[in-house]
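Okay, structure first, notes after.
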Amino acid sequence: MSAVMDNNEPEVPGPFLRSAALEIGDTSFLEEIAPLRREGDQLFSRKVYQAALGKFKKTARVIVGDGFEIPLYCGEGGGFRSKKYMEMKQAKRLALMECCVQIARCLRELEDYEQSLIWVEEVEVIVRNLCFSNTEAMFDWHADLPRIEWNPNDGIEQFYVQRVRALCLASDNYLSLWNTGTAAQRRHLAYKITQHLPPNVNSITFRGIVSSAAMFLFYQFRHPDPQMTKDLMANEESLQVMGSWSKIEVQRDRNIPPRFGFASFIWKGRYYIVGGEKSHSGPYYKDMHYIELSNVSTGWHDLPSYPGDMIRVSGWKIGVYQDKAYFFNGRPQLDYFDLVTERWGSVRTRPADRQWPYPEKDFMDYAGVLVKSKFYVFGGTHGNVTTGCNLFMVLDLSDPRLEWKKLTGHASQPLVPDWNCPGPRRHPTIWADERVPGSERIYLMFGEADRAGAKFRREPQGSSESYSYGDFWSWDVNQGGWRRERMVGNPPCARSEMAYTFVRMRNLEWPLYLVDTVHPSRLTTWKKGKTSSPSATSAPKWKHVLTRGFPTYRAQAQLFTDPDTGKIYLFGGYTNSQFVPDKKHEISRSFSDVWQLKINIPGGYFDDVDLEEETKTAMAGPWQRCFNCGNAGRWKKCGGSCGGRAFFCDSQCMKEGWKEHKERHHCANVRK
């Protein structure tokens, strides 16, 4: 791609797939599977789904052969890359994709959503492995829509048909589970595929599978959608769990200005924040505060502000080592805050290869995590790369040389695609699992390649549309090396600027919690598999936390967990006023509110949650819930002695719901 791009020029497409795997290959197996497929189709049409499932699974076994586990084993190998899939010829690939779709359809009819999702997502794994077999690596935004040259004999049309069918079926499954974000993302990708077909593929074929009208429905959803949440129940225990948000009223004279982009950490029962910004145009903060986790409602305590010369203290990460909080801002000088003396200081670091990788300004929005004495950083943007980079470095704070060591990736242009490590991005999520000594891993997922920003600045990889990653990676802390991980269960959709927390408590069953970019009740938990059988169900599994009420939609908030109690809190963030209209804020609004999340798991503080009360009174983001009918909107609050505990959408609902409201909330003297 040219290093300079006119803003009016169309995006330069990705490379064509050049792979021996696109050859048709041996087709003799088709005679063996033909009667199995025919019997399976007949049984499915008669709604004998269990028997049809058996025929289609037997078909899949014939296609892949004995000794190969399908769906891919996700335990120690990640469950995403497969040599067999990369070498599979086109005839078997098409037959296997169709078979996976049919198996997933049977399982959906049997209401086994977990297994249906595993099989239907196997189709995307097969497609991505075809890309892995290409003679050159591609960026993920090209691999999502691989370009294949037309050949009337290679079954390319069926390749696209089965992929689109699989994505739409996955979308239907996620929607049945109220996971509107992932449902919309899968449907959107299916629709994009139909808009980028090879010239000779008949687009009419796809009209019955995905349409503009169906996409319009999905584009209307908010995530979570306030009209869907009032009666939510976790009916699929393997894929869902109930949760509840409660706002914590912080002492007003001990509050701080609203913000996002701030750095934060926990040390000895205190939650600390540094810097951030009220909006993208300022003001920018350099202040530092902490709050006592044992009594959050008492408010914030002031500490000395960051003394450095950086104007914008935003998008940084912090690692705490030996009672010092180290702030990495892209410079060799590493600033720290001594948590005992409460004074600022700095140390000088250096690159192991003598070449500092970043320009000494504007480095932000990277991921950082401390593992024992080592501070790892990945990705981020700076003055020379708007898209985001994928440089992965580590600094051993216990080593007196204080040298940064490059592990993988690149910091500056030209950015090079590589199948063996995560792609360039900003705002990724990162955490480390150190609970099992000797098998520590760093996990990284999601983020955004700011391709729109790159196009505006005429940088390589520019496009009119930025790219949100939906990938999941892990790094072996002891042996080194990245591994692409499969996402199993009821996962979140691609996103960036999300909030997350990893609970480092050995006795907690579900240790990771992730909030959607701007949809804070759309939480997902991640659990490390405990089964020993080699199957996709032994992979880390995602659950969707369903809540009937939730804070206002937001990005760049922070989730944090009290390591002593396991309580989970949310603080800060911002929302776009185009997404959530706000009369007082024309462009965006930031927050300084504090919320607690309760989860219906052991130790999740769910015992005192009243779901019936939440159905009638919980806030649905920026909207109120009508006490009587449950609809969400900007309703009028009750003017009685309850102090505005309930809201009503109109006088009729107030009339119908008044008696119950009076008894439930002991309200009197309603002003009509």
Original post:
Carbon-plus-sulfur fraction of the accessible area of region 330-467, 1.4 Å probe, in percent?
Top reply: 46 percent
Subject >> Residue-level accessible surface for Glu656, protein heavy atoms, 1.4 Å, Å² >> reply: 110 Å²
Original post:
So what is the calculated 222 nm ellipticity per residue for the chain, using -39500 (n - 2.57) for each DSSP H run with n of 4 or more, over all residues, to the nearest 500 deg cm²/dmol?
Top reply: -7000 deg cm²/dmol
Subject >> Along each principal axis, Cα extent of region 220-328, largest first, Å >> reply: 52, 34, 31
Original post:
How big is region 188-255 on each of its three principal axes, counting only the C-alpha atoms and giving the largest first in Å?
Top reply: 67, 34, 20
**OP:** Under 9 Å from the Cβ of Tyr85, count the other residues' Cβ atoms, weight Lys and Arg +1, Asp and Glu -1, and hand me the total.
**Re:** +4
Original post:
With every protein chain left in place, what is the accessible area per residue of the chain in square angstrom, probe 1.4 Å?
Top reply: 43 Å²
Subject >> Asp172 accessible area, 1.4 Å probe, all protein chains in place, Å² to nearest 10 >> reply: 60 Å²
Subject >> Beta bridge orientation in the chain: antiparallel %, DSSP, nearest 5 >> reply: 90 percent
Original post:
Considering every pair of different Cα atoms, what Kirkwood radius, in Å, is found for region 298-388?
Top reply: 14.3 Å
Original post:
Rg and Dmax of region 105-174, Cα atoms, in Å?
Top reply: 13.9, 42
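Kindly point out which whole DSSP H helices in the chain project their C-alpha atoms 20 angstrom or further along the helix axis while averaging a Kyte-Doolittle hydropathy of -0.5 or above.
Within the chain the helices that satisfy the rule are 29-45, 49-64, 90-109, 113-132, 156-176.
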**OP:** Run the quick spin-label model on Glu136 and Lys192: label points 7 Å from Cα toward the beta carbon, then report their separation in nm to one decimal.
**Re:** 2.1 nm
Original post:
Protein chains only, probe 1.4 Å: how do His188, His142, His666 rank by accessible area, largest first?
Top reply: His666, His188, His142
Original post:
For Arg354, Arg458, Arg312, Arg93, what's the largest-to-smallest order of accessible area, 1.4 Å probe?
Top reply: Arg354, Arg458, Arg312, Arg93
**OP:** Scan [x] 27.5, 91; [y] 30.1, 98; [z] 26.1, 82 for the value of Rg and Dmax of the Cα atoms in Å calculated from this model and give just the label.
**Re:** [z]
**OP:** Stick to Cα atoms and the Kirkwood definition of Rh, then tell me Rg/Rh for region 361-466.
**Re:** 1.02
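Give me the mean projected area, in nm² to one decimal, of the convex hull enclosing the Cα positions of region 257-411.
One quarter of the hull surface, i.e. the mean projection, equals 9.3 nm².
Between Lys83 and Ser45, what length comes free when the chain is fully extended (0.36 nm per residue of separation minus the Cα-Cα distance, one decimal in nm)?
10.2 nm
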Original post:
Given Lys192/Lys455; Lys84/Lys372; Lys278/Lys405; Lys324/Lys567, which pairs have Cα atoms separated by over 27 Å?
Top reply: Lys84/Lys372; Lys278/Lys405
**OP:** Assuming R0 = 56 Å, can you tell me the calculated FRET efficiency for the pair Asn384 and Glu663, based on Cβ-Cβ distance, to the nearest 0.05?
**Re:** 0.30
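Expressed as a rounded percentage, what relative contact order does the chain have, with Cα pairs under 8 Å and six or more residues apart?
That works out to 12 percent.
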**OP:** Note down the net charge around Leu415, summing +1 for each Lys or Arg and -1 for each Asp or Glu among other residues with Cβ under 13 Å from its Cβ.
**Re:** -1
Original post:
If contacts are Cα pairs under 8 angstrom and at least 6 residues apart, what is the relative contact order of region 381-464 in percent?
Top reply: 29 percent
Original post:
In whole percent, how big is the carbon plus sulfur part of the accessible area of region 210-316, probe 1.4 Å, protein atoms only?
Top reply: 51 percent
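Percentage of Cα-Cα pair distances in region 30-147 greater than 20 Å, rounded to whole percent?
Result for the distance tail: 44 percent.
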**OP:** Ignoring everything but the protein chains, give the 1.4 Å probe accessible area of Glu124 in square angstrom, nearest 10.
**Re:** 40 Å²
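Given a 1.4 Å probe and heavy atoms of the protein chains only, how would you sort Trp178, Trp473, largest accessible area at the top?
Output order, biggest surface exposure first: Trp178, Trp473.
The values are calculated or read from the model by the stated rules, or taken from the named source; none is laboratory data. What you see is a predicted model; the values in this text were computed from it and never measured. Don't worry about glycine lacking a Cβ; one is built from the backbone with ideal geometry, like all the others, and counts go over all protein chains shown. Protein only, heavy atoms only, side chains kept; ligands, DNA and RNA dropped before computing areas. Shrake-Rupley method; radii C 1.70, N 1.55, O 1.52, S 1.80 Å.
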